[in-house]
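Only the coordinates and a few stated rules stand behind these numbers; no lab work does. Only a predicted model underlies this, so the values are computations on that prediction, with no experimental measurement involved. Here the Cβ positions follow ideal geometry from the backbone for every residue, glycine too, while neighbour counts run over all protein chains shown.
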Amino acid sequence: MRSIPFVKMSGTGNDFIMVDNRSGLLKEGEAAELARAACPHRIAVGADGVILVEKASKPGHDLRMRIFNADGSEAEMCGNGSRCFAVFAKQLGAAGGEQTIDVIPGTLNAVVSTDNTSAKVQLSQPSRVERKDGVDVLGRNTQLYFLNTGVPHAIQFVDDVSKVDVKGAGACIRYHDVFKPKGTNANFVQLLGDNTIQIRTYERGVEDETLACGTGSTAAAIAASYAFGYTSPVKVSAGGGTLTIHFELTGDQAARPYLEGAVDTVYSGVYNWNN
């Protein structure tokens, strides 16, 4: 049995097991095993994923972030996870209030509040917004919007998010032939007016609905701007709270996206890992 110190954090409802791995506590390949063991709810710690703070592998960066989904797959990036990462790194004394973070898609710039209760992160450059018409979702021809905000996201605008079968429709979109081979996250978005939207997200890797998704909220805000004329900043209401998305949009191309919202440090502990 191994004892793995961790801190449980929540970024607007996305919860993570945070591990300081700067000393190489977890060897290559072990983080995926830890995520599969520790993330299940009720029988373990319970979380959407495991996030590692590591030494930067690129010049000019403070630290490296690695995130492993509950199924053990390594994600390219995570918006709410990166906000938790920034707060955790500051709490560790590994970085200051302004950080440059090394992630798979490139570089994230983060700013942590003085009281460590919120963070604002500049995400990587999004792809162009694509409209996909006539996608078969549970037997219905559906219009979707698609873009990559660090990870791929499909967006469906609906009249009432409370009536959506998020797990059924989300899985259908996530594994759809249109998005092969890697698949996509699926977001269901209701327009509320006054530059505000409500969202529910099915996350790839978690393979279920999550209370919030930072990159999904960013993708949805950009799509709402592209398709319906919403303007930055866009408020996004998710199951775990509210996120604010800042961006610039020219045609179908967004630039300088920022994700802002609360971060809660829930508790610290030691996971007794039978590996």
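Quick notes on this one:
- Trypsin sites (Lys or Arg not before Pro) lying in DSSP loop within the stretch 127-169, provided at most 13 other Cβ fall within 10 Å: R128
- Taking each of K58/K120; K120/K235; K8/K182; K27/K55; K55/K90; K120/K167 in turn, the alpha-carbon distance tops 18 angstrom for K58/K120; K8/K182; K120/K167.
- Inter-centroid distance (Cα atoms) of the stretch 221-275 relative to the stretch 121-150, Å: 16 Å
- Stretched out straight at 0.36 nm per residue, the stretch from M1 to T231 would grow longer than its current Cα-Cα span by 77.6 nm.
- To the nearest ten degrees, helix 214-228 and the longest principal axis of the Cα atoms of the chain are 20 degrees apart.
- Simple spin-label estimate for S57 and E207 in nanometres, 7 Å along Cα-Cβ: 2.6 nm
- Near the amide H of Y271, within less than 5 Å, lie the amide hydrogens of I4, F6, all on another chain or at least 5 residues away, with H placed in the peptide plane.
- Rounded to whole Hz, the Karplus (6.51, -1.76, 1.60) HN-Hα couplings of the stretch 97-109, x for glycine and proline: x, 10, 9, 10, 10, 8, 10, 4, x, x, 10, 10, 10
- Taking G79, G183, G13 as the candidate residues, the one with maximal mean-square fluctuation in a Gaussian network model of the chain, Cα springs under 10 Å, is G183.
- Cα-only Debye scattering, the stretch 130-260: base-10 log of I(q)/I(0) at q = 0.16 Å⁻¹: -0.70
- Distance between the pseudo-spin-label points of A255 and L92 (7 Å out from Cα toward the beta carbon): 3.4 nm.
- Between the stretch 20-50 and the stretch 74-99, the alpha-carbon center distance in angstrom: 17 Å
- Calculated FRET efficiency for the pair Y175/T117, C-beta based, R₀ 35 Å, to 0.05: 0.40
- Backbone N under 13 Å from the L191 label point (7 Å along Cα→Cβ), restricted to the stretch 249-263: none
- Taking the fewest neighbouring Cβ atoms within 10 Å as the starting point, the ordered list for L26, L211 is L211, L26.
- Cα Rg over Rh - the chain, Kirkwood: 0.96
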